[in-house]
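Peer 1: One structure, pasted below without further comment.
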Amino acid sequence: MKNLVVYFFLALGLIACQTAPRAVQKGAEYFNLPAYFKAEAQRLKEEAPAYQKVIWAKGEIDSISGETLDWEKELAIFGREQLHEPAVREDYQRDSITLENGYEIRYQSLIEKRNLQRLVLEYGPKKELQSLQLSLRQNNTVYAGQSELRYWPKKGYQLHKDQKVVAFDSAQYRLHLHFLAH
């Protein structure tokens, strides 16, 4: 009987030491650029909006209009960064700002060598993405470049790129694509 009481209190003690499983706290969500732009490419493929694309390169201006593009390829530059991956998250500071008619979420790189230096997402009052801005930087022994990219869902996008390749002149590129009403 004595042993039974000891075992009872030992079992009770073991049960008391166990903690109830807790839900893992996810923390702040990090924007999934590849998934977003894959979905946008699919949407644009289905909608097939008419567009006008203006390209400024090396002092020349070219304008292209049309209704079909390989949207996955066209938007690829926007969706390369893996900001949503857990291994990368600690390299970015995430802040949010309340705006008069919505809010903004900003991701700023804490690591100078990161390609993605800044991401700014602006949301409207119904939590719909209104604009996305990326600041990219590449710098190595052969190439140095900076890019500013902006994307407006259902409106278009723009790209400003400055680059310098060793033993070549600097180059600046500007591209603006906007969707035409249909």
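The values are calculated or read from the model by the stated rules, or taken from the named source; none is laboratory data. Source: prediction; values computed, not measured. Neighbour counts run over all protein chains shown; Cβ positions are idealised from the backbone, glycine included.
Peer 1: Tell me which strands (runs of 3 or more DSSP E) are completely within the range 129-182 and hold 3 or more residues being of a type in the set (Phe, Trp, Tyr), or say none if there are none.
Peer 2: Those strands (runs of 3 or more DSSP E) span 143-152.
Peer 1: Scan the range 148-171 residue by residue and report those that are free of Cβ contacts under 8 Å to residues at least 24 places away in the same chain and surrounded by 12 or more Cβ atoms within 10 Å (Cβ to Cβ).
Peer 2: GLU148, ARG150, TRP152, GLN158, HIS160, LYS161, ASP162, GLN163, LYS164, VAL165
Peer 1: Additional query: Just checking, how many residues over the range 42-75 are closer than 20 Å to HIS160 by Cα, out of contact with any Ser or Thr (no Cβ under 7 Å at 6 or more places or on another chain) and polar (S, T, N, Q)?
Peer 2: Total meeting the criteria: 2.
Peer 1: Can I ask one more? Take GLU122 and tell me if it is part of a helix (DSSP H, G or I), in contact (Cβ under 8 Å) with a residue 12 or more places away in the chain and within 18 Å of TYR151 (Cα to Cα).
Peer 2: No.
Peer 1: While we're looking at this one, here's another question. Among the numbered criteria (1) under 17 Å from TYR157 (Cβ atoms); (2) buried (at least 16 other Cβ atoms within 10 Å of the Cβ); (3) at pLDDT below 90, which single criterion is violated by ARG80?
Peer 2: (2)
Peer 1: Please specify each residue of the range 39-62 satisfying the condition of being closer than 30 Å to ASP169 by Cα, touching a Lys or Arg at 6+ places or on another chain (Cβ under 9 Å) and of a type outside the set (A, V, I, L, M, F, W, C).
Peer 2: ASP62
Peer 1: What residue, among those in the range 83-107 that are surrounded by 15 or more Cβ atoms within 10 Å (Cβ to Cβ) and touching an Asp or Glu at 6+ places or on another chain (Cβ under 6 Å), is farthest from ALA50 (Cα to Cα)?
Peer 2: Restricting to residues being surrounded by 15 or more Cβ atoms within 10 Å (Cβ to Cβ) and touching an Asp or Glu at 6+ places or on another chain (Cβ under 6 Å), the top hit is ARG106.
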